[in-house]
Structure formats: C-alpha cells, structure tokens
1. Quick check on my filter: what residues within the range 311-343 are in a helix (DSSP H, G or I) and in contact with a helix residue (DSSP H, G or I) (Cβ under 7 Å, 6 or more places away or on another chain)?
2. Which is of a type in the set (S, T, N, Q), at pLDDT below 90 and assigned by TED's automatic domain parsing to the domain that holds VAL375, of THR187, THR156?
3. Farther than 30 Å from LYS507 by Cα, in a helix (DSSP H, G or I), in contact (Cβ under 8 Å) with a residue 12 or more places away in the chain and not assigned by TED's automatic domain parsing to the domain that holds ALA495: is that true of LEU365 in this structure?
4. Could you say which residue among TYR485, TYR445 is out of contact with any His (no Cβ under 9 Å at 6 or more places or on another chain), buried (at least 19 other Cβ atoms within 10 Å of the Cβ) and not in a helix (DSSP H, G or I)?
5. Quick check: is even one residue across the range 13-27 of a type outside the set (S, T, N, Q), part of a loop (DSSP other than H, G, I, E, B), under 30 Å from PHE114 (Cα atoms) and at pLDDT 80 or above?
6. Going residue by residue through the range 511-523, is there one that turns out to be under 24 Å from VAL396 (Cα atoms), hydrophobic (A, V, I, L, M, F, W, C), in a helix (DSSP H, G or I) and under 32 Å from the mean Cα position of the chain (by Cα)?
7. Looking at LYS448 and the list (1) at pLDDT 95 or above; (2) outside the structural domain of PRO185 (by TED's automatic domain parsing), which single condition is not satisfied?
Amino acid sequence: MQQGGSIMKKISKTTCEQGLKSMIFIAISCFVLFLLSVFEVLEVQRATWYLILLLAVLTAVQWAAAVLVLNFRSDEIGENTDMRKKDWLFTFIPAAAGLALLIVLYASLRGVPFFTIEGKNVLLSLLVLLGGTGLCYLFDYAYITATKKHVVQTTTVKIVKKEKAENPKKQASKEDKREAGKLDPETAVFPDLVSIDKRFLLEPYAPAPSAEVKLHELCSGFNAYLESKGMFYTMETLRAFVGGLACSRFMILEGLSGTGKTSLPKYFAEYCGANVCFTSVQASWKDRSDVFGYYNDFVGKFKETPFLRALYEANYQTDEIHLMVLDEMNLSRIEYYFADFLSVLELDESQWKIELMPVSTGGALPKKLVDGCSVAIPQNVWFVGTANKDDSTFTVTDKVYDRAIVIDFSQRKEANVLKRRVPQIHLGADKLQALFAEAFADPAYNLKRAEYEKFSVLTDFVLDAFDINFGNRILNQIVRFVPVYVACGGTSAKALDLMFSRKVLRKLEGKFDDGIKANLVKLEKLVLDEYGKTEFSSTLETIARLKRKLI
C-alpha cells in the first residue's frame, strides 16, 4: 500500500487553500453587491451579473491550472518547485485565452442582450467586488495576527528554490575564543581531534531546521532523487534501508559488485543533507587500530584516521545524521577489526564508547573524549558496511549477521528516466528519530496479534525442522522494523518476509544435513499456504536458492 500517492502535495494543498479562500471572499463580495442591488443603492444590470459569473468561472479555471502545474512541477514531498519566470507565464495561458475570448464576444455581439453591458455599471460593480474582497483579506489578516494561531500567508504561493540547508552561524563567546587560543594541535597527543575542538570553539555548531516530512514522503522523494541521478532501486530496498536505520546501528548491504551498494548511502546522505564518511577496508586489517589509528611512541602522537575524525566530529554535530560507510568490509574478517563495535552497540547507549589508548602520555586531550582516551559513539551515527559475494571475500558469520540489518542487492529496478530536477532536503537526526518514534507508537503500523500468530507458524516450523531459533535481539529488530517499513509505504507482510529470509533462513547457508531439502519443500508449501507467492517472494526466492545448492 503506497501511502504517498493518496496524499495531496503540500504546495498543491496550499494553492488550493488560498484559491478556495479567494473564491469565498469573492462570493461574500457578490452577496454584498446583491444586497446593494436589492435595496437599490446600486442597480446591477442582468448583463453585468452574467459578466461577473463568467469572470468567476475564468478565475476558477486559472486556479485549477495553477494547482495542476504546481503538482506536476514540484518535488515528491511538495515543498519546492523548479518553476522559472518564463514557466509562470505559461500557467496564465488559460486565463489569457479566456479573457481574449470574452473581449471578442462582447465586442462582436453587442446587439445580443446577454452581451449588452453598460461600462459605468460594470466598473462600479467590479469596484464593489474588489473593495469587498480586499476588506475580507484585511479582516483575515487581522484575525491571524491577533490569534497567532497560524502563520500569516499572502494570497500567492511563494516558491523558493531550496538548495542544501546551511547551518545558521552561531557566534563564539569570548570564553570559547580564549579557550580555543590555548589549544595547540602541534603539542597535542591527538592533533587532528584537538584541531576539531578548536574549530568548533571558534565556530559553534548550530543545527539547521529539518524538513517537515513523513516517512513515506521521505522514501518517495529519495526514490525520485535517485532516479534524477540515474540510479534505480526498488521501493522495497529503499524502505528496508530506512527501516534498517530504525532498528539497528549496523547495516550490511550485500550483493554482487556493481549493484549500487556503495551508492545508496552516498545518495541518501546527499539527499538528506547528512554527513557520510567512506572507508575502504583492507584485507590486512586485524584489529581496531586499522579503523581508528594508533599511538606512535617515536613521535608521541596518535595517528588518527579519517574514520576517527568523522566519528569524533559527530559528537559536536549532534543533530546531523552521520553515516560511517565501510566499503567491502568482508575483505577482512569483520569480527576481527569490528569486534569492539559489535560488543559496544549491544550495551546501553550511555556506554557506547571505545578506548583508543590506555593512558595519555601528556598534552592537551580532546574535549569530547570520555573516560580518558575513549571515543564516544553518539546517537546520530550509523555504521553501514558493503559486502561482496565472491571468492575474494570472507564469509560473514552468524555473529555479525545477527547484529546487523542485511539488505540484499540481488534485484534492480528497471530504468525510469526522470528529467526534472529533484531538490535536496535537510533531515536532522532528531527529526529522523522522531519519525521512527511516531511509527513505533502508531497501532496502525505495528504488528497485529493475528499477524504475529501467522508468522509464528513459520518460525515454529523452522525451529522443529531445522533446529533454528532466534533470540530477543532478532525479535526486537523485527518489532522495530515492521512499523517503520509500513510507515514508509510498505506492508507488514513484506516486512516480515524480508526479515524472515535475511535473518532466519540465512542460518541455513552452508548446511547440507540429511533431510534439509525435504523440509525446505515443506516450508515452501507452508509459506504458499499462509502468505502466497507475492507477499513472501523474498522467502520463496531464498528457499529456491537453498534447494538448488542441495541438488
């Protein structure tokens, strides 16, 4: 169920509201003109009323044309449009054509009673209409200003081309400037991190306002942005990516080389105004020093990596989404160099910190390091790894799979060239978390008891037939993944399908015990009976692939 398609875009809704308000004010003015005519204050001729009616119809046609054009030329969310000045001129073609037709008719058919008007009578009537409409707008403005319940708007929709949001500048205090002057990166153990401290003391971080957007609008807008860049993903993949951010801090994008794994977080950060740090994993990586850097005893300094600098900077930019991308992360064994992350992210958020070195040997310590020389992992950080499926890489173990959300890139969407420009938005980390919280709290998005019991039929069978069970970690991931996936425009059945195929059936990889194929056939029949071919397509594809390996 695609939710975004049934909701009017913001810009179209605003245009409709303003146009409807104008029509109501004109109707009120017409009623006043009618009263003036009834009480013989101003005698309005019948032909004048006909002309007013035709002008009202012409106004309604122009209003409808503006709504259609703005709906077509705005982005998926409806906050911005790429209309230029000459484009606006074309929107007035219906009104110009209608007005020209009226002039021709009234000029050529003066003898017909319908088109016989008196100039003075028409002018006075139109002045009354304009005056009445203007007074209505003045009263409306006064009401809005007095109550302060709404933002004052004019009768026209102002369109501003929105580029990537810039953070409002915040002035450093005198105390911060003095403290920054005392910092000397040259003598510090962590020179790059101290330089970051100095920069943020002199230029304090001020978060930019986030776009007012819903999850389904975020996914549809991101999809349009990708297509405008020549990148094509299924909506299923995009919803799974956003849902994965909601239920785990660690995500693995898995598939063959060239399927767009690295591009997805890159363009997501670009579209949302987030920060992204790409780190290419090397086959020689063995421990956390390959990720963070190491202390050089000879020079007495810590050799920081771009990964550490980006993670440290995220502690300052608290409302910016930070994606830490580990490209080709299974070139080395993930549980070797990423072990500290896997362990720490299981703890309470207040304990998300990793020690860089035991004790500082002197010099100014970076302000944002905790407990001596440990770097904190803030709540605005997500780790995204890409993993290739070929002979040159290591197999991702169950320990890693259980802690991560896995997205399979075996499917690609057909190309759909989008010619128009799709603007970027700015989405802060707090806003994203608030959207997730809304989805968790909405009963319409959460699993119903009947859906859970239906899903339990599959999990019980897998436990009995394959001795595969999953603990609270995976169950919690499912409970958080489903409502966000549904809020993104998907269905709960498809969300369960993705989690079942990627978190449960994946445990059968590499197993060749007797009876597995027969039980896979039974599981396939059970899935078809409970869900059908469409809703659990990923599960059926996984079962078919496992069966082929057992031939």
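The values are calculated or read from the model by the stated rules, or taken from the named source; none is laboratory data. Just so it is clear, the model here is predicted, and its values are computed rather than measured. With ideal geometry, Cβ positions are generated from the backbone for all residues, glycine too; neighbour counts draw on all protein chains shown.
1. In the first step, residues of the range 311-343 are kept if they are in a helix (DSSP H, G or I); the result is 311-314, 329-331, 334-337, 339-343.
Those that are in a helix (DSSP H, G or I) and in contact with a helix residue (DSSP H, G or I) (Cβ under 7 Å, 6 or more places away or on another chain): TYR312, GLU313, ILE334, GLU335, TYR337, LEU342.
2. Details: THR156 fails: assigned by TED's automatic domain parsing to the domain that holds VAL375.
Exactly one of THR187, THR156 is of a type in the set (S, T, N, Q), at pLDDT below 90 and assigned by TED's automatic domain parsing to the domain that holds VAL375, namely THR187.
3. Details: farther than 30 Å from LYS507 by Cα: yes; in a helix (DSSP H, G or I): no; in contact (Cβ under 8 Å) with a residue 12 or more places away in the chain: yes; not assigned by TED's automatic domain parsing to the domain that holds ALA495: yes.
Against the criterion (farther than 30 Å from LYS507 by Cα, in a helix (DSSP H, G or I), in contact (Cβ under 8 Å) with a residue 12 or more places away in the chain and not assigned by TED's automatic domain parsing to the domain that holds ALA495), LEU365 does not qualify.
4. Working: TYR485 fails: not in a helix (DSSP H, G or I).
So the residue among TYR485, TYR445 that is out of contact with any His (no Cβ under 9 Å at 6 or more places or on another chain), buried (at least 19 other Cβ atoms within 10 Å of the Cβ) and not in a helix (DSSP H, G or I) is TYR445.
5. Here is the first cut: in the range 13-27, the ones of a type outside the set (S, T, N, Q) are 13, 16-17, 19-21, 23-27.
Filter once more, keeping what is part of a loop (DSSP other than H, G, I, E, B): none.
Within the range 13-27, not a single residue is of a type outside the set (S, T, N, Q), part of a loop (DSSP other than H, G, I, E, B), under 30 Å from PHE114 (Cα atoms) and at pLDDT 80 or above.
6. No, there is no match, as no residue in the range 511-523 is under 24 Å from VAL396 (Cα atoms), hydrophobic (A, V, I, L, M, F, W, C), in a helix (DSSP H, G or I) and under 32 Å from the mean Cα position of the chain (by Cα).
7. The one condition LYS448 does not meet is (1).
So that you can scan it fast, the table gives a plain yes or no per residue for (1) modelled with pLDDT under 90; (2) buried (at least 22 other Cβ atoms within 10 Å of the Cβ); (3) under 26 Å from LEU215 (Cα atoms):
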| residue | (1), (2), (3) |
| --- | --- |
| GLU355 | no, no, no |
| SER360 | yes, no, no |
| ALA364 | yes, no, no |
| ALA376 | no, no, no |
| ASN380 | no, no, yes |
| ASP390 | yes, no, no |
| GLN433 | no, no, yes |
